[in-house]
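Read the figures in this text as sums done on the coordinates, not as results from a lab. Quantities reported herein were computed from a predicted structural model and do not represent experimental measurements. With ideal geometry, Cβ positions are generated from the backbone for all residues, glycine too; neighbour counts draw on all protein chains shown.
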């Protein structure tokens, strides 16, 4: 098999449309109808909901968990939760697995997160949100999905991944890197 990877010379939200174009191309080649995506403030979620409106695609939108960030307030708007649910999508506020150092101290989760950041911040987030969604029963073990994340705001990283939970993380597999910043 031969496939292309799109590399962006910078990271950031200006690559959101191009990132979803790589997802669209991959979904045209494979029977994937579920996208797990990170969205902190809702901008990426709104883009994806508009982009896939009327298509047979389910979005699993993963914002930050409650209590994360400097103020601890949830930045993902409640009205977007309601819109997503009305359109058949899911918003999942699960525990951010690589951000538990205040609870458990630094250790293996931070080592894994830092190793994934060797690729880019978006790869780290993609793995984290896939595990979160699988732990929440929203992605089945062995299910192939598209996973979208970014650096800061917007989307600049997309992977095709196979689901698995933190109980058996060896089941998680990155089968394709669709795009990422250099």
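For this structure, a couple of remarks:
- Residue order, fewest to most beta carbons within 10 Å, for 173, 15, 64: 173, 64, 15
- Rounded to the nearest angstrom and listed largest first, the equivalent-ellipsoid semi-axes of segment 120-180 from its Cα gyration tensor are 19, 11, 9.
- Square roots of 5 times each gyration tensor eigenvalue, C-alpha, segment 6-181, largest first, Å: 22, 19, 17
- Overall form of segment 1-69 per C-alpha gyration tensor (a/c, 1.5; a/b vs b/c): oblate
- The chain - share of DSSP beta bridges that are antiparallel (%, nearest 5): 45
- Distance between the 7 Å Cα→Cβ label points at residue 28 and residue 86: 3.2 nm.
- Taking segment 6-181 and dividing mean pair separation by its residue count, relative contact order in percent (alpha carbons under 8 Å, at least six apart): 29
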